[in-house]
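Here is the structure we will look at.
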Amino acid sequence: MIQFEKFTMENGLRVLTHVDKSTPMVVVNVLYDVGARDENPEKTGFAHLFEHLMFGGSVNIPVYDEPLQVAGGENNAYTTNDLTNYYCQLPADNIETAFWLESDRMLSLAFSKKSLEVQRKVVCEEFKEHYINKPYGDVWHKLRELVYTKHPYKWMTIGASLKHIEDATLEDVKAFFHKHYNPSNAILVVAGNVEQEQVKALCEKWFGPIPAGEKYNRNLPVEPKQDSPRFMEVSSDVPLDAIYKCWHIYPRTDDRYYVADLISDILSGGGSSRLFQSLVKEKKLFSNIECYHLGSTDAGIMVIEGKLVKGTDIKEADKAIQAELVRLQKEGISETELEKVKNKTEAAMAFEDMTVMNRASSLAMYELLGDADLINKELNKYQAVTLDNILEQSRIIFDENNCSTLYYLSNNKVN
Amino acid sequence: MNRKIAPPIIDAVDFKLSLKPYEFSSLNNGVPVYSITAGAQEVIQLELVFYAGNWYEKSKGIAAATNSLLKNGTTNRTAFQINEAFEYYGSYCNRSCYNETSVISLHCLTKHLDKLLPVLNDMLLNSIFPDEELEIYKQNSKQRLRVNLQKCEFVAGRLIDSYLYGEAHPYGTYSGMEDIDSLNTADLKAFYKNYYLNGSLAIFVAGSVPANLTAILNEHFGALQLSKPDYSIRQLAILPADERKFRIENDPKAVQGAIRIASLFPNRHHPDFKKIMVLNNVFGGFFGSRLMSNIREEKGYTYGIYSYLQNHMQQSAWLISTEAGKDVCEATIEEIYKEMKLLREEPIEAEELQLVRNYMIGGILGELDGPFQIISKWKNIILNDLEPSYFYESVDAIKTTSAEELMELANKYLVPEKFYELVVY
């Protein structure tokens, strides 16, 4: 059971405190309710580029990192299609340094031209390192465009193209800040060796004076229900053929999400899972195969991806995957298998909650979903999943009309 | 309130750091057990550290294959049954193979520990290394290698180690397709017999530890033909390359180059080692380092650049590692040498040194959060045959190493002629 207290400030900032006196540290986590899905389709990659700029100095403080490091702290941030999260950890005695830094960049950035110029280049190198200069690096670019036709999940967090990042202007940066970075679009979590009263006082002092700003109302295009199978084939300088299959699933807060999550664990995620045992060990068609889902806030996708053993016909491999799915749809799973994936979930949650930093970011994420107490309630939601739920959802999710398939073929020019 | 003025802080160097001592016991066969009880979650981590790393193998890949296939069949259980036994209880049994040691680890809810130890016992006593399992392992290893060989950073990592230590040394060796092809079950069984069945073992436990830990471990591991490890550091001659500069084309379409600049450095027993950690942080050890500030934050040549000391027992190396745009690789290397020169010629200013000290101490304070992190510090001390005071001496080195000493160290070690230089693109 993870204890926390919540209050909302007059300017709309939601604040959660989680006290843990066993650590000498404190974590200050600020989540902004903005991700790549909120971007203009002509200016993608912006939420993430903006995250970099948040370290380029704020209105009263020329640099973010140094004062935090002097206080013995460290920090990082990440952007997803749904949200942007900033976190720092420092000795509890120096907690006020984090309030000073985080409140100033919520108040306003310095909007430095130099910072924008440098970070554009840095993000372009990040783009190259992860998505161009790696075999199969562009696969998610292609998959998202295949699976999503309307919803902005159709582009990656890093952006749809290098050009969008290269073209970003200081005006874009300012507009984005004013639209999304204000107390009413943010959640602050303070966790570790603190007192509730201390957090309240520090919040009033540092965040209280920040104007509420305008609450951003999200109104995204809804992805229409897929009504026929989709297929794409590409050929590239990669050593092995690979197959990717995707199916639409449910929003993060839908009860059927938990069923889908357990189905992915049944199919993969260990040496005794179905796809590994059948397709890697017994049939020897794949050298590795995984099933997972993206865990996104809006309706996400279930994915099966695998690399084929050299010499295997890709259509045969695809059929073998489908045969496993049909088996699931016809026979369902055993009581033991269900117990296994529930046990796995229970253990995974216990391990995840070991560090204060994880607890802080989980609380922020659950609060964004609408209820921070989900951190304590979710295990019960998994425990409530029945054999019938699994059977029913495997039939609905793995419907062929809900499926997009990508064959990523080797042109055999390497190795 | 003036937002331009930073709130007062307590210098992290004024904090008193303490490393929680471990509990020690010996099993009936002499196997040492080190444990840390801490943390609110009812979870436990058990690490079985065998002296069965690639140091001991007669030909490439045997140690890693043996370690990996410990989970692929015993006289009592198939690979599937072993996996299911662990996964049914939501636990993870992982294997990893290093140079001196190889590790089998178990992570589980403490309430399930008693059901899982018999499976570990079975793996340590009755593994059979079936031919079919080895064939799958070989095939999948080759497939993985094919993909990795296309990545410049993977190729660069292998090559730089081979230049530093020589390909014949366990730290510099790497496997090719033909090495994987020649693996056979007879060699694996012989390795298993020598280094697991009759090997030496140390056990590290952390988390919510049961009160009768020693009794439970004795039941499952205390009667095996195992012995207490000899922790003294082994020595094997290294054979560094003569040539110093390498440019390798791996992928004609590459848009970035993987840069590795490296020089041999003594192991943790050397008196300079603890102080060098401070110099390394100033140079390239964290986000606020000189290399990062200059090459990423000033010039935008890379997404990230770091320097670090390799985590080896016998002989270490100091590395600078980055992936930079293909057209700016040479400019990046030039800047790296410029930063070395600055450290040799100008003392680090008091403000910067204080920042780095505070950052490092704060980092250690953060790393002591939780039982797994604490046992990992102890494991490092024990396996490297260091004094128990090593942790405190390292903290002292952070607090007291002066700018003059750091400049002397830079003149001793950050000398371009001592470094190998490699770009793979």
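In the stretch B:245-259, how many are acidic (Asp, Glu) and either at the interface with chain A (Cβ under 9 Å from one of its Cβ atoms) or crowded, with 19+ Cβ neighbours inside 10 Å (or both)?
Taking the stretch B:245-259 first, the residues acidic (Asp, Glu) are B:249, B:251.
Subsequent filtering for residues that are either at the interface with chain A (Cβ under 9 Å from one of its Cβ atoms) or crowded, with 19+ Cβ neighbours inside 10 Å (or both) retains B:251.
Count: 1.
Any residue at all in the stretch A:198-212 that is touching a residue at least 12 places away in the same chain (Cβ under 8 Å), among the polar types (S, T, N, Q) and on the phi < 0 side of the Ramachandran plot?
yes
Filter the stretch B:381-425 for residues that are outside any helix (DSSP H, G or I) and either over 24 Å from the mean Cα position of the chain (by Cα) or more than 26 Å from B:Gly157 (Cβ to Cβ) (or both) and give the result. Steps first, answer last, please.
Taking the stretch B:381-425 and keeping what is outside any helix (DSSP H, G or I), we get B:384-389, B:401-402, B:414-415, B:419-425.
Result: B:Asp385, B:Leu386, B:Glu387, B:Pro388, B:Ser389, B:Thr401, B:Ser402, B:Val415, B:Tyr425.
Run A:Thr23 past the list (1) away from chain B (no Cβ under 12 Å); (2) hydroxyl-bearing (Ser, Thr, Tyr); (3) within 20 Å of A:Ile375 (Cβ to Cβ) and report the number of the one that doesn't hold.
(1)
Looking only at the stretch A:132-147, which residues are surrounded by fewer than 22 Cβ atoms within 10 Å (Cβ to Cβ), modelled with pLDDT of 90 or more and either at the interface with chain B (Cβ under 7 Å from one of its Cβ atoms) or part of a helix (DSSP H, G or I) (or both)?
The initial filter retains those residues of the stretch A:132-147 that are surrounded by fewer than 22 Cβ atoms within 10 Å (Cβ to Cβ), namely A:132, A:134, A:136-142, A:144-146.
From what's left, modelled with pLDDT of 90 or more: A:136-142, A:144-146.
Hits for the stretch A:132-147 are A:Val139, A:Trp140, A:His141, A:Lys142, A:Arg144, A:Glu145, A:Leu146.
Counting only residues that are aliphatic (A, V, I, L, M) and loosely packed, with under 14 Cβ neighbours inside 10 Å, which one in the stretch A:370-394 is farthest from A:Glu331 (Cα to Cα)? Explain how you work it out, then say what you get.
Filtering the stretch A:370-394 down to residues aliphatic (A, V, I, L, M) leaves A:372, A:374-375, A:379, A:384-385, A:387, A:390-391.
Checking which are loosely packed, with under 14 Cβ neighbours inside 10 Å leaves us with A:384, A:387.
Details: A:Ala384: 20, A:Leu387: 10 Å.
Looking at residues that are aliphatic (A, V, I, L, M) and loosely packed, with under 14 Cβ neighbours inside 10 Å, I get A:Ala384.
Answer yes or no: is there a residue in the stretch B:103-118 that is in a loop (DSSP other than H, G, I, E, B) and either farther than 22 Å from A:Ser273 by Cβ or within 14 Å of chain A (Cβ to nearest Cβ) (or both).
Here is the first cut: in the stretch B:103-118, the ones in a loop (DSSP other than H, G, I, E, B) are none.
Looking through the stretch B:103-118, none of the residues is in a loop (DSSP other than H, G, I, E, B) and either farther than 22 Å from A:Ser273 by Cβ or within 14 Å of chain A (Cβ to nearest Cβ) (or both).
For the stretch A:239-279, how many residues are of a type in the set (S, T, N, Q), under 17 Å from A:Phe398 (Cβ atoms) and within 13 Å of chain B (Cβ to nearest Cβ)? Reasoning before the result, please.
Quick first cut of the stretch A:239-279, residues of a type in the set (S, T, N, Q) only: A:253, A:264, A:268, A:272-273, A:277-278.
Subsequent filtering for residues that are under 17 Å from A:Phe398 (Cβ atoms) retains A:264, A:268, A:273, A:278.
Now drop any that are not within 13 Å of chain B (Cβ to nearest Cβ), which leaves A:268, A:273, A:278.
Residues that pass the stated criteria total 3.
Counting only residues that are among the charged types (D, E, K, R), more than 7 Å from every other protein chain (Cβ to nearest Cβ) and not in a helix (DSSP H, G or I), how many does the stretch B:357-375 have? Can you show your working first?
To start, the set of residues in the stretch B:357-375 that are among the charged types (D, E, K, R) comprises B:357, B:367, B:369.
Going one step further and asking which of them are more than 7 Å from every other protein chain (Cβ to nearest Cβ), we end up with B:357, B:367.
Of the ones still in play, those that are also not in a helix (DSSP H, G or I) are none.
Number of matching residues: 0.
Looking at the stretch B:70-91, is at least one residue outside any loop (DSSP other than H, G, I, E, B), modelled with pLDDT of 95 or more and farther than 22 Å from A:Lys340 by Cβ?
Within the stretch B:70-91 (the criterion being outside any loop (DSSP other than H, G, I, E, B), modelled with pLDDT of 95 or more and farther than 22 Å from A:Lys340 by Cβ), the answer is no, since none of the residues qualifies.
Search the stretch A:88-108 for residues being hydroxyl-bearing (Ser, Thr, Tyr) and either closer than 13 Å to B:Pro8 by Cα or more than 9 Å from every other protein chain (Cβ to nearest Cβ) (or both), and hand back the single one that is nearest to the chain's Cα centre (by Cα). I'd like the intermediate steps shown before the answer.
Within the stretch A:88-108, the first condition is being hydroxyl-bearing (Ser, Thr, Tyr), and the residues that meet it are A:97, A:103, A:108.
Subsequent filtering for residues that are either closer than 13 Å to B:Pro8 by Cα or more than 9 Å from every other protein chain (Cβ to nearest Cβ) (or both) retains A:97, A:108.
Working: A:Thr97: 28, A:Ser108: 26 Å.
In this case the residue turns out to be A:Ser108.
Within the set of pairs 6+ apart or on separate chains, which have a first residue in the stretch B:224-239 that is exposed (fewer than 14 other Cβ atoms within 10 Å of the Cβ), a second that is outside any loop (DSSP other than H, G, I, E, B) and among the aliphatic types (A, V, I, L, M), and C-beta atoms under 9 Å apart?
If the second residue must be outside any loop (DSSP other than H, G, I, E, B) and among the aliphatic types (A, V, I, L, M), the pairs left are B:Gln225/B:Leu197.
Of the residues B:Ile233, B:Ile238, B:Ile180, B:Ile216, which is farther than 26 Å from B:Glu323 by Cα, touching a helix residue (DSSP H, G or I) at 6+ places or on another chain (Cβ under 7 Å) and either of a type outside the set (A, V, I, L, M) or part of a loop (DSSP other than H, G, I, E, B) (or both)?
Just a single option satisfies the conditions, and that option is B:Ile238.
Among (1) assigned to a helix (DSSP H, G or I); (2) out of contact with any strand residue (DSSP E or B) (no Cβ under 7 Å at 6 or more places or on another chain); (3) of a type outside the set (Ser, Thr, Tyr); (4) within 14 Å of chain A (Cβ to nearest Cβ), where does B:Asn121 come up short?
For B:Asn121, the exception is condition (4).
Can you tell me which of (1) under 23 Å from B:Gly157 (Cβ atoms); (2) among the aliphatic types (A, V, I, L, M); (3) within 14 Å of chain A (Cβ to nearest Cβ) is the one B:Ile336 doesn't meet?
Condition (3) is where B:Ile336 drops out.
Condition (residue is surrounded by 20 or more Cβ atoms within 10 Å (Cβ to Cβ), over 24 Å from A:Gly270 (Cα atoms), modelled with pLDDT under 95 and within 11 Å of chain A (Cβ to nearest Cβ)) applied to the stretch B:27-38: is it met by at least one residue?
So far as the stretch B:27-38 goes, no, none of its residues is surrounded by 20 or more Cβ atoms within 10 Å (Cβ to Cβ), over 24 Å from A:Gly270 (Cα atoms), modelled with pLDDT under 95 and within 11 Å of chain A (Cβ to nearest Cβ).
Looking at the stretch A:394-411, can you tell me whether even one residue there is under 30 Å from A:Ile187 (Cα atoms), among the acidic types (Asp, Glu), out of contact with any Lys or Arg (no Cβ under 6 Å at 6 or more places or on another chain) and at pLDDT 95 or above? Spell out the reasoning first.
Initially, the stretch A:394-411 is screened for residues under 30 Å from A:Ile187 (Cα atoms), giving none.
No; the residues of the stretch A:394-411 include none that is under 30 Å from A:Ile187 (Cα atoms), among the acidic types (Asp, Glu), out of contact with any Lys or Arg (no Cβ under 6 Å at 6 or more places or on another chain) and at pLDDT 95 or above.
Could you please find all residues in the stretch A:280-295 being more than 9 Å from chain B (Cβ to nearest Cβ) and part of a loop (DSSP other than H, G, I, E, B)?
Correct list: A:Lys283, A:Leu285, A:Leu294, A:Gly295.
Looking at A:Asp82 and the list (1) in a loop (DSSP other than H, G, I, E, B); (2) surrounded by fewer than 24 Cβ atoms within 10 Å (Cβ to Cβ), which single condition is not satisfied?
(2)
Take the stretch A:1-33 and flag every residue that is crowded, with 23+ Cβ neighbours inside 10 Å and β-branched (Val, Ile, Thr).
Across the stretch A:1-33, the qualifying residues are A:Thr17, A:Val26, A:Val27, A:Val28, A:Val30.
Among (1) facing chain B (nearest Cβ under 10 Å); (2) in contact (Cβ under 8 Å) with a residue 60 or more places away in the chain, where does A:Asp38 come up short?
The number of the failed condition is (1).
Considering every residue within the stretch A:306-323, establish whether at least one is among the small types (Gly, Ala, Ser) and in a loop (DSSP other than H, G, I, E, B). Give the steps one after another, and end with the answer.
Taking the stretch A:306-323 and keeping what is among the small types (Gly, Ala, Ser), we get A:306, A:311, A:317, A:320, A:323.
Cutting the leftovers down to in a loop (DSSP other than H, G, I, E, B) gives us A:311.
Yes, some residue in the stretch A:306-323 is among the small types (Gly, Ala, Ser) and in a loop (DSSP other than H, G, I, E, B).
If I filter the stretch B:273-299 down to residues being surrounded by fewer than 23 Cβ atoms within 10 Å (Cβ to Cβ) and farther than 20 Å from A:Gly72 by Cα, which single residue comes out as farthest from the other protein chains (Cβ to nearest Cβ)?
It comes out as B:Phe273.
How many residues does the stretch B:300-334 contain that are within 25 Å of A:Ser115 (Cβ to Cβ), surrounded by fewer than 19 Cβ atoms within 10 Å (Cβ to Cβ) and free of Cβ contacts under 8 Å to residues at least 60 places away in the same chain?
Selection size over the stretch B:300-334: 5.
Among the residues of the stretch B:307-324, write down those that are within 14 Å of chain A (Cβ to nearest Cβ) and out of contact with any Ser or Thr (no Cβ under 6 Å at 6 or more places or on another chain).
Those that are within 14 Å of chain A (Cβ to nearest Cβ) and out of contact with any Ser or Thr (no Cβ under 6 Å at 6 or more places or on another chain): B:Ser321, B:Glu323.
Which pairs turn up if I take residues in the stretch B:1-12 that are at the interface with chain A (Cβ under 7 Å from one of its Cβ atoms) and look for partners that are loosely packed, with under 10 Cβ neighbours inside 10 Å with beta carbon separation below 6 Å, at least 6 apart in sequence or on another chain?
Cβ pairs passing all conditions: none.
Quick one: count up the residues across the stretch B:58-73 that are within 14 Å of chain A (Cβ to nearest Cβ) and either over 22 Å from the mean Cα position of the chain (by Cα) or surrounded by 21 or more Cβ atoms within 10 Å (Cβ to Cβ) (or both). Break it down stepwise before answering.
Our first condition is that a residue be within 14 Å of chain A (Cβ to nearest Cβ); within the stretch B:58-73, this holds for B:68-73.
In the following step, the residues that additionally are either over 22 Å from the mean Cα position of the chain (by Cα) or surrounded by 21 or more Cβ atoms within 10 Å (Cβ to Cβ) (or both) were identified as B:69-73.
Number of matching residues: 5.
The values are calculated or read from the model by the stated rules, or taken from the named source; none is laboratory data. Keep in mind the model is a prediction, meaning the values are calculated, not measured. Quick reminder, even Gly has a Cβ in these numbers, built from the backbone with ideal geometry, and neighbours come from all protein chains shown.
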